[in-house]
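The values are calculated or read from the model by the stated rules, or taken from the named source; none is laboratory data. Values in this document were obtained by computation on a predicted structure and should not be read as measured data. Here the Cβ is made from the backbone with ideal geometry for all residues, glycine too, and neighbour counts use every protein chain on show.
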Amino acid sequence: MPHGKPAGIPCVQLTDDYRCALFGDPRRPAVCRNLRPEPTMCGSHRDEALAYLTDLEQRTA
């Protein structure tokens, strides 16, 4: 997604089981390669992770 994507919109490379189709591939964007998720970011389930990312997106817009 060369122009980025809004929070809450799945990446076009996200597989049905929520894995990155480009993981380990040199074409994987630097922003993804450099991301170092921590427990606070991931939460205890997907909804918490999405809420964290949505908040981050809003605060950095």
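Here are the numbers for this structure:
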| read-out | value |
| --- | --- |
| Qualifying residue in segment 38-58 (condition: in a loop (DSSP other than H, G, I, E, B) and under 12 Å from the mean Cα position of the chain (by Cα)) | no |
| Counted residues, segment 2-13 - those being more than 13 Å from Leu53 (Cβ to Cβ) and surrounded by 10 or more Cβ atoms within 10 Å (Cβ to Cβ) | 1 |
| Odd one out for Gly8 among (1) at pLDDT below 90; (2) on the phi < 0 side of the Ramachandran plot; (3) small (Gly, Ala, Ser) | (2) |
| Top-ranked residue in segment 17-61 [being surrounded by fewer than 11 Cβ atoms within 10 Å (Cβ to Cβ) and among the acidic types (Asp, Glu); ranked as modelled with the highest pLDDT] | Asp25 |
| Members of segment 1-44 found to be in contact with a Leu (Cβ under 6 Å, 6 or more places away or on another chain) and either charged (D, E, K, R) or closer than 18 Å to Ala61 by Cα (or both), listed by number | Ala7, Arg28 |
| Selection count where residues are touching a strand residue (DSSP E or B) at 6+ places or on another chain (Cβ under 8 Å) and either of a type in the set (A, V, I, L, M) or not in a helix (DSSP H, G or I) (or both), scope segment 5-36 | 6 |
